[in-house]
1. Just give me the residues in region 9-47 being within 33 Å of the chain's Cα centre (by Cα) and not in a loop (DSSP other than H, G, I, E, B), in sequence order.
2. Does region 45-100 hold any residues that are surrounded by 14 or more Cβ atoms within 10 Å (Cβ to Cβ), at pLDDT below 90 and over 23 Å from residue 255 (Cα atoms), and which are they?
3. Can you tell me which residues in region 73-91 are in a loop (DSSP other than H, G, I, E, B) and under 13 Å from residue 36 (Cβ atoms)?
4. Would you kindly identify the helices (runs of 4 or more DSSP H) lying entirely within region 436-514 that contain at least 2 residues that are modelled with pLDDT of 80 or more?
5. If residue 582 satisfies every condition in (1) buried (at least 20 other Cβ atoms within 10 Å of the Cβ); (2) touching a helix residue (DSSP H, G or I) at 6+ places or on another chain (Cβ under 6 Å) but one, which is the exception?
6. Kindly evaluate residue 125 against the criterion of being modelled with pLDDT of 85 or more, on the phi < 0 side of the Ramachandran plot and out of contact with any helix residue (DSSP H, G or I) (no Cβ under 7 Å at 6 or more places or on another chain).
7. Considering only residues that are part of a strand (DSSP E or B) and farther than 14 Å from residue 128 by Cβ, which ones fall in region 53-71?
8. Would you please list the contacts, defined by Cβ atoms under 8 Å and residues six or more apart or on different chains, that run from a residue in region 360-375 that is outside the structural domain of residue 294 (by TED's automatic domain parsing) and buried (at least 18 other Cβ atoms within 10 Å of the Cβ) to a residue that is part of a helix (DSSP H, G or I) and at pLDDT 95 or above?
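The values are calculated or read from the model by the stated rules, or taken from the named source; none is laboratory data. Treat the numbers as computed from the prediction; the structure is a model and nothing was measured. Positions of Cβ are generated from backbone atoms using ideal geometry, with glycine treated the same way; all protein chains shown enter the neighbour counts.
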């Protein structure tokens, strides 16, 4: 990425970008260089989420840059000036790179809240103006009106003496205050149009609300913010409130995403606390879910905790003053004996490092808890109030989110980056299990989250849209045509004739392929049960099933038992419903409708596991892991590998230093320099590794992955009992089962291991044999 300025005469192409032509100037923080035809070293390295200010002084003819508010110095002098020469902002991007510009349409924030407290997404620079001037007149009006609004909220009228009194409590009652209501009506008559503008919402309203949240306890802040939102909905038109809330939420997302990492994570906590307070307001939450979250912005950003690439700026040196790294044995095993022996000094360093890691983890857990609170609010299904509950709005948006990311998998880049997806997944699993166990506490016959799985009828009754996801037996249209009799006899389901007519000629061709002779079950499966096996249908021949054959036979599949005959119940006609077409009754069911559980096979228990809507959330969580979460888990292992490589290089250098003759001063000097470089790099990487372990590879995250693995195993097992209907199982359940086990075995060590997972010895038996 090269960012800077250029004139209108510059011509760029795929080979030449900003800084590669005569009248274009650029700074590249990735390569730490400046560019104007030729290139030289300049500035500092940047990282994702950094703020780069591009400053041009046409009076002095100079061009400079700043990074996160810190000046990098003058980059270019003697710029071409004169009649007909104008400079424009310009940038050259590589594939998958992205940037957000602010030319002045949003506030340039400075230091707020005291020394070292930054609350900003862009930095003003003295002596320079943004390209777009702020709306100064409107800004003055909005600030005055806000002052009037605050004054009304801070006083109350004495009903006896008729004079104004300072309120003792920050809470404000709408009832019994006609004078205040009339005053507020006049204020909002002028204030409402201003609160639709991006600049004023972020500069005035967002700053006001953040101040309220920062000054009070979470309970007080939520109460006051809720009352303010009540007033917005009372005195403003619906379309005005919609615009205001949309801009407010987008401002919060930008602030959360681009705020720098400080040691106590106070900025992230502050923005999340305000987000929670807003989402606790029922009417506002439903609007934001329906029209803003997952639509106008990428709400998954709220569940991400970005990793600092510069540990100094993140305060990790203060949190983790002592560094340590595990001494792994070499591949040849030469150092194995040395690794096993830990000296007293190394033991003290390790313990000091672990204490620092624990302090970091405790601070990160505060952020994660707020993120879980956001999802629990979105999963609220008790807030109908004459409309649709939040959970069912969330399900519609969540399914669309999965579809959009699944459709681009393997071709276009994912709409949700993998680092966001894995954080979103962990928060969703925590919130889901909390809701699941709350339902279990209120409904004794339900199952706990420890026994969760997705019932097999979800995969064939059309209530959940799996888009174009491959099934074990092929495409859904093909399966519904070839297995329609099985659906009718085993699940009392009739496929809508219109959907059967939509079967392609490819499906018809596949029907003519002869099925291979039925083979007996593997011996491993015979060892699990005692009944005679039934032949496996020939349509189970997908690559994923072939890859997982041994996995199924040893870990998940149980023998199919003879089917008991079905009663002659009335058969239900089904068709595939998109997420937007469904109602709450299609999900939860009603007195005569089982909803998501329609078409229960005889092998499934009659008692429901939990609320049907939570089953769909669980299914979505499994799909999320398959989309990109596993990929990100593997990617972050690179930090641990880097630590191992540098540790080996440091040990080798120290060994050479010990063996080097004292008379070779030149060699000793070079080795000492190398030792210093490796030590500094290891200090940096060990602190960054602590962050990665706390956010990605903690024991809690490992238990999340283990829970998903067990969910997949139970789902596969229950689907396998349905005989031919097993073909409807989506392939990604097998992929997630395989990949999650691989992640548990290979990604979470050496800090955590499979032996730390809860479970009976049989779990370890299949884990070691796979």
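1. 26, 27, 28, 33
2. Listed by number, the list is empty, since nothing qualifies.
3. 77, 78, 79, 80
4. By residue number, 476-482, 484-491.
5. The number of the failed condition is (2).
6. Answer is no for this residue.
7. Hits for region 53-71 are 67, 70.
8. Listed by first residue and then by second, the contacts come to nothing, as the list is empty.
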